[in-house]
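Right, one structure below, let's go through it.
Coordinate-derived values only; no laboratory data. Note that the structure is a prediction, hence the values are computed from the model and not measured. Backbone-built Cβ (ideal geometry, glycine too); neighbour counts: all protein chains shown.
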Amino acid sequence: MLHGSAQTFVDVLDYEGSQPFSDELVYLVDPVRGRALPLSPLYLWGLEREALDPGAVDMYEYDTERRGDFNFKTTQPSEGLQVSSGGEWSGLHAQLAAMRASDQRCAVVEGLSLTQYESQSAARNSCLSASQCQPCVSRQRAFMQ
């Protein structure tokens, strides 16, 4: 689990519990209370991975609806994603259409155990471009001392 106060995630947490989590789903987490509120399908993580760089993932944020299609923008410069009723993302389209038609119940996940991840490699990997991000490089140095 990643979290931080800036666009770049700065902390990594370990998770233990019986609730399975998908790599693509995004949650707002309260580590002190052990709760998570699902933000998906309005936010999704790593839907389209590059075959040459599978570690390069992006966050997708619901943006607009146009002519029955739903559009997502990304946190990194890219074309975004258009979701239509047919094809690869039809299940996602159905979820968004139901949300637009009426309020949906949203179950908070409880009973999570989150602890600080103590690996030095976690500090190096907490930012997708850590070698180029000066705040991440500084935090990495401080973490490793």
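This ranking places Tyr60, Tyr117 by how few other beta-carbon atoms lie within 10 Å of each, fewest first, which gives Tyr117, Tyr60. Ranking of Val108, Val32 by neighbouring Cβ atoms within 10 Å, starting from the fewest: Val32, Val108.
Around the Cα centre of the stretch 18-111, unit charges on the Cβ atoms of Lys, Arg, Asp and Glu (plus for the first two, minus for the last two) sum to a dipole of about 400 debye. Annotation: amide H-H contacts under 5 Å for Leu25 (H modelled 1.01 Å from N, sequence separation of 5 or more, or interchain): Trp45.
With 0.36 nm allotted per residue and the present C-alpha distance subtracted, the Glu110-Glu88 stretch has 4.8 nm of extension available.
Remark: the stretch 101-110, residue by residue, has Karplus-estimated 3J(HN,Hα) of 6, 6, 4, 10, 5, 10, 8, 6, 8, 10 Hz, where x stands for each Gly or Pro and the curve is 6.51 cos²θ - 1.76 cosθ + 1.60 at θ = phi - 60°. Of the residues Phe70, Phe21, the one with the fewest other Cβ atoms within 10 Å heads the list, and the complete ranking is Phe21, Phe70.
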